[in-house]
1. Calculate how steeply helix 11-23 sits against the longest principal axis of the alpha-carbon atoms of the chain, using the helix alpha-carbon long axis, and give the answer as 0 to 90 degrees to the nearest 10.
2. Summing Lys, Arg as +1 and Asp, Glu as -1, what charge do residues with Cβ under 15 Å from the Cβ of Ala95 carry, Ala95 excluded?
3. Measure out, as a whole number of angstrom, how far apart the alpha-carbon centroids of segment 13-33 and segment 53-80 sit.
4. On a 0 to 90° scale, report how tilted helix 128-141 is relative to the longest principal axis of the chain, with both axes built from alpha carbons and the result rounded to the nearest 10.
5. Tell me which of Leu156, Thr195, Gln28 sits at the most positive position along the dipole axis of the chain, charges placed on C-beta atoms (Lys, Arg +1; Asp, Glu -1).
6. Would you kindly state how much longer the chain becomes between Ile141 and Val129 on full extension, computed as 0.36 nm times their sequence separation minus their alpha carbon distance, in nm to one decimal?
7. Please give the helix 165-184 orientation as an angle from the longest Cα principal axis of the chain, in degrees from 0 to 90, rounded to the nearest 10.
8. Please sort 178-186, 67-75 by packing, taking for each peptide the average over its residues of neighbouring beta carbons within 10 angstrom, highest first.
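Derivation of every value follows stated rules applied to the coordinates shown; laboratory data play no part. Since we're looking at a predicted model, the values are computed, not measured. Neighbour counts run over all protein chains shown; Cβ positions are idealised from the backbone, glycine included.
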Amino acid sequence: MPATASPLLYWPALLVGAYLLGSVPFAQVAARLNGVDLRQVGTGNVGAGNLSRQVGWGWGIAAAVLDGLKGLLPVWLARRAGLGLGVAGLTGLAAVVGHNWSVLLKGRAGRGLATSVGLVLGIDPALLVWTGGWSIAGWKIGGGLAGFLGWGMLPLVAVALLRPPHVTLLLALLSLVLMGRRMQGNPEDFADTNTPPLKRVIYDEDLVPEEFPDTVEGPLVP
């Protein structure tokens, strides 16, 4: 990078690159390697949780790690380029948007939680104590509700912890992206269209078709 160039000149390219990186559906790639299309089985969600149930936990963990790196790498590169924390965070947010609405899948994809973990790890790792705690609690109270409390309430936690305004605003935008994706539900063939939008946001509920009775939404599906 030339010494006289402003880092902001490179930011649009970083945003586009982050979105495209986020769009790579690692869970779907892993599933296809095993002869499975995640959009047609289980919950229909293209994420590590559905992959774990359909193919195996090893594949699911690998996909979750790769999805997390999709959120972390753009933040790291933006910081290395000299961008501020808030602007770098927006670059990571672009990756979350790419994960949730992948251009490669031509529509909605995963829930974006693993990618969001990578983003938060890059800007304020201590906040992962809050989200991680609710992730564990999800095994008892249900992953949907735990995800709402962990990620939907994260901006309020940032305010309570006196985080800088730009960090709080970034987390508010992240929460909107995550909750907006939950409100959409799963692909139309799998979604329960009778579920009120607010209930989708809080509980992330979609009915699973009868032909897949053993696939229940687990804690914090990315």
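1. Once rounded, the angle reads 20 degrees.
2. +3
3. Using only Cα atoms, the two centres lie 10 Å from each other.
4. That works out to roughly 10 degrees.
5. So the residue we want is Leu156.
6. Values: separation 12, 0.36 × 12 = 4.32 nm, distance 1.78 nm.
Separation in residues times 0.36 nm, less the Cα-Cα distance, equals 2.5 nm.
7. Value to nearest ten degrees: 20.
8. Ranking, from highest mean packing down: 67-75, 178-186.
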